[in-house]
Amino acid sequence: MPRAFAALRRSIRFAPPALTAFVVAVVPLRARGEEPRPEAEPVEIVVTGAPGSARAPAAQSTVIQADQFAGEVRSVAEMLSASPGVSLHALGGPGQATTLSLRGASADQSLVLLDGIPLHGPGGGAVDLATLPASLLDRLVISRGVLGAQFGAGALGGVVELIPRRPRNDRAAADARLTAGSFGTFGASTSASVPWSAEGGGLVALQVDRSAGDFPYDQQLTPEIAGSPYYDFTRANADSWRGSALLRGGWPIAGESGVDVLFQGSIGERGLPGSAASPTPRSREVDHSGLLGARFRGAAGPAAYSVRAWADVDRIELRGVSAFGDCADGTPDCPRSLQSASAARGEVEMGAPLGERQWVRGSVTAGMDRATGDATGFHRRGVFSASLSDDVRLGAVSLFPALRVDVVGKDAGLSPAIATTVRPWSAPIELRAGAGLSFRAPTFSELYLRQGGLAPNTDLAPERGRSIDVGVAYRSAKLTVSAGAFVSWYRDLIVYESFPPAAVKPFNVGSARISGFELQAVAALPYRLTVQLAYTALQATNTRPGTLEGHSLPYRPPHRLFVRVAHHADRFESYAEANATASMPRNQFDTAFLPAQLLINAGAGARVAGTLWIDVEAKNLLDDRTMQDLFQYPLPGLSLAVIARARL
């Protein structure tokens with residue numbers, strides 16, 4: 001504990017003048033009175049079921065409001081941990097790469113959308129959640145299942161929709177936030193919203209984060225010997241910084257028509273420290289990303305339509321990275337490696353009623369994906385999709401059929417789906433069932449990457465998956481409970497195999513069956529307390545014939561439990577949460593396991609003057625310094641943070 005507090009003092013030695021200036025700027029607002037806190041039921045903090053995604057209204061889904069974490073230091077990945085069916089793979093501490101798994105599917109099999117626009121990493125692979133700014137978001141919607149018919153190819157495990165903050169159209173508003181914490185961690189964010197008409201306005205939001213990442217950790221030098229001692233180490237080359245911006249505007253034109261514009265950009269740099277067993281103190285990464293989209297929306301009688309175009313680009317430069325570890329950047333045998341990817345799309349979408357009980361939607365999307373890199377060369381492929389979905393209301397029964405065709409380069413596939421909800425009683429109980437079929441096209445990296453010991457395979461076929469799920473939900477003013485079970489089958493999975501003489505190459509040889517149970521509950525208790533619970537049970541089995549058949553898929557926790565208790569009042573707020581993950585296999589033969597982990601966090605805050613709130617937060621209260629992520633990357637022990645925020 002003393003070391004943690006000493007680290008906090010070192011990391012926030014700059015904070016007094018910054019916080020003083022912040023307080024001086026905010027305290028005069030007290031004369032104007034504080035903007036009253038909304039008095040919504042606490043149970044609405046997290047909602048399951050029908051209020052989820054508009055594209056998949058019958059999917060098992062979770063909505064996470066970003067405002068509930070206003071007094072905490074939270075990344076996008078940490079927010080997602082409040083949902084069942086979510087598993088996060090973080091390569092170390094703050095600012096390090098983090099990917100997402102939904103229902104045991106790989107990171108490449110889960111889509112991440114920003115305002116409906118698909119995101120991707122360089123090479124077309126998984127999105128690094130650490131590059132996404134949390135403070136610029138309004139809410140996160142997690143929909144689970146094979147949802148290719150609703151969202152497009154690639155949604156074999158599910159979809160995360162990131163909904164950015166919207167400009168206010170009633171009055172001008174602004175906010176600011178400063179954080180400082182252990183291991184040289186600092187953050188600042190601000191936003192300003194200006195209305196320019198009754199239906200239009202603009203929003204500018206900025207976020208800056210920095211972390212030295214030099215946290216202590218404990219490691220066994222001879223883990224194969226039972227009872228061997230732990231030794232103290234300090235993480236090196238784990239520093240990071242990032243700057244992000246969001247610009248959003250809306251302009252009404254006439255009637256219900258208008259134009260919306262969105263820009264989101266990010267730039268960052270971080271060390272690549274490597275695993276505890278194989279550190280890489282000289283490897284670095286610099287990345288840039290940008291997204292620009294515009295949409296025209298309108299109505300023609302009872303029908304609604306929109307025309308949208310967007311483009312994005314991601315660029316990563318690796319420095320001091322070699323096939324066998326790190327190297328000295330700038331030397332002849334250590335060239336820098338550049339990878340970039342870009343995408344452009346145009347989309348037309350229309351919805352119209354058919355009578356009083358039916359709403360039909362259709363969309364057509366077309367565009368181009370491009371990727372270039374020192375290890376992949378330049379490649380591009382066309383993308384096309386067309387979808388049709390229907391919402392049919394038949395009394396207590398609702399049906400949601402959907403069909404989508406996707407063409408990704410030379411690969412094409414059909415994604416059908418059907419879902420239904422039934423409300424058989426007057427009580428607020430809803431029964432759900434659904435089934436879907438879809439595919440994922442190989443990424444540019446899987447097709448063309450030749451680097452170190454990796455060989456490309458241009459003959460790869462798409463991965464394919466199907467799933468069925470059932471569930472039940474109960475919702476009232478004070479309690480929301482949802483439970484569901486699912487099973488998914490995957491074939492033609494892309495697996496890297498040995499390729500003589502000394503390389504590994506991807507092949508379509510994998511198959512798997514993943515089944516599970518998900519439970520989520522939110523309860524509003526007396527004294528403005530809110531309790532949240534999310535539990536996932538997962539069984540991921542390798543069904544590939546041969547020596548691996550019947551073994552567990554690695555890196556899938558069989559059980560995960562998240563519990564949170566929060567209190568929000570006019571002048572005080574606090575929370576405590578626990579995230580428990582069961583032991584999971586680390587290899588394909590069930591012979592090596594990652595130990596079970598328990599992470600406990602807590603925080604409290606008070607409104608000290610006007611609209612100024614001061615919060616303190618502690619993460620990993622047990623100060624467990626032996627925790628590692630899936631690939632033996634050490635995770636931080638006890639960390640402390642101070643947060644100051646205000647509406648201006």
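The values are calculated or read from the model by the stated rules, or taken from the named source; none is laboratory data. Source: prediction; values computed, not measured. Cβ placement follows ideal geometry from the backbone for every residue including glycine, while neighbour counts extend to all protein chains displayed. Calculation scope for accessible area: heavy atoms of the full protein, side chains included, ligands and nucleic acids excluded. Shrake-Rupley method; radii C 1.70, N 1.55, O 1.52, S 1.80 Å.
Cross-link reach is defined here as a Cα-Cα straight distance under 28 Å, omitting same-chain residues fewer than 8 places apart; for residue 505 the lysines meeting it are 410. Each residue was assigned an accessible area with a 1.4 Å probe, and for residue 225 the value is about 90 Å².
Each Lys or Arg adds one and each Asp or Glu subtracts one; over the other residues with Cβ under 12 Å from the Cβ of residue 265, this totals -1. In this Cβ point-charge picture (+1 for Lys and Arg, -1 for Asp and Glu), segment 361-460 has a dipole of about 140 debye about its Cα centre. Taking the helices alone, the chain has a mean residue ellipticity at 222 nm of -1500 deg cm²/dmol, built from -39,500 (n - 2.57) per DSSP H run of at least 4 residues and averaged over all its residues. Net length available on complete extension from residue 403 to residue 593 is 64.3 nm, with 0.36 nm assigned per residue and the Cα-Cα distance removed. Each Lys and Arg Cβ is given +1 and each Asp and Glu Cβ -1; about its Cα centre, segment 490-648 then shows a dipole of about 280 debye. Think of segment 254-348 as having a plus end and a minus end, set by charges on the Cβ of Lys, Arg, Asp and Glu; of 261, 281, 335, 261 sits farthest toward the positive end of this dipole. Which net charge results when you count Lys and Arg as +1 and Asp and Glu as -1 among the other residues whose beta-carbon is under 14 Å from that of residue 383? Surrounding charge for residue 383 is +2. Taking Lys and Arg as +1 and Asp and Glu as -1, the other residues whose beta-carbon sits under 14 Å from that of residue 431 total +1. Given axes a ≥ b ≥ c from the Cα gyration tensor, I'd like to know whether the chain is rounded (a/c under 1.5), prolate (a/b larger than b/c) or oblate. Rounded shape, in that the Cα axes give a/c under 1.5. Placing unit charges on the Cβ atoms of the charged side chains and taking the dipole of the chain about its Cα centre, the candidate lying farthest along the positive direction among 601, 468, 350 is 350.
Surface calculation, 1.4 Å probe, protein heavy atoms: residue 196 sits at approximately 120 Å² accessible. Relative to the globular-protein estimate of 2.2 N^0.38 Å, the Cα radius of gyration of segment 67-224 stands at 1.19.
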